[in-house]
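Notes to accompany the following structure.
Each reported figure results from applying straightforward, stated rules to the coordinates on display, with no laboratory input. All of these numbers come straight from a predicted model, not from anything done at the bench. FYI the Cβ positions are ideal-geometry reconstructions off the backbone, even for glycines, and counts take in every protein chain you see.
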């Protein structure tokens with residue numbers, strides 16, 4: 001669900017201080033001076049997102065409006081005296097029957113389409129923005145102390161994932177990224193996590209804290225430290241997490257803003273790997 005919480009990178013249980021901190025982070029990310037040198041489309045996206053952020057903050061920073069909003073999206077119960085009842089209306093048996101029948105019909109239609117198109121064996125993923133532009137080259141130090149260079153992965157499908165320890169959607173997708181690394185790494189997928197270390201410092205998180213975070217989640221793919229924010233800016237990253245799928249020729253082919261699933265990564269990797277093999281990539 002695309003909620004005000006998701007927009008600010010928060011969980012519904014976030015306290016007022018966390019709401020304020022998240023709002024300030026997003027405001028800085030979409031600062032007009034920061035996006036001034038981007039193209040018209042990206043500036044328009046930034047302007048629209050700024051409006052959404054202001055709207056979300058206006059509601060979440062007001063206790064009364066936040067309570068009403070929580071009830072409306074189903075994350076808070078409605079109080080009725082000492083009893084607490086769900087904000088959502090109970091469905092009737094007739095409605096339940098129609099829902100079940102509708103779901104079954106939908107499944108039959110989907111199965112039929114897959115059989116007719118031969119797509120049944122393919123892993124399905126979320127829709128993603130398609131682009132075709134060179135990936136900015138970078139060389140960064142990792143949390144392990146060595147250096148990692150994007151050009152060293154030419155000939156492979158690369159997933160570059162921008163994230164931060166404060167970002168709740170980032171945390172939720174980490175198990176999927178680790179699973180993708182374990183299952184697809186030997187098949188040719190390279191995952192590089194790029195931590196927004198300059199923003200981490202603003203939150204009072206040290207590099208030792210980032211290393212502890214990485215160890216806590218048992219991440220085995222390389223995590224690079226973007227200490228100056230130059231790589232983040234070069235890739236035109238806005239909300240977190242943002243992921244870039246890069247083909248064997250070093251071209252960014254897909255951009256995804258938000259959480260990734262294992263199926264998302266598998267589908268994009270399979271597609272780009274097939275293309276690379278067709279073109280004779282190693």
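So the values come out like this:
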item	result
For region 129-278: span of alpha carbons on each principal axis (Å, largest first)	47, 28, 27
Relative exposure of 130, 173, 18, judged by other C-beta atoms within 10 Å (fewest first)	130, 18, 173
Residues 187, 156 arranged by fewest to most Cβ contacts within 10 Å	187, 156
Peptides ranked, highest mean first, by Cβ atoms within 10 Å: ranges 224-233, 137-146	224-233, 137-146
Sequence of 199, 264 once ranked by neighbouring C-beta atoms within 10 Å, starting from the fewest	199, 264
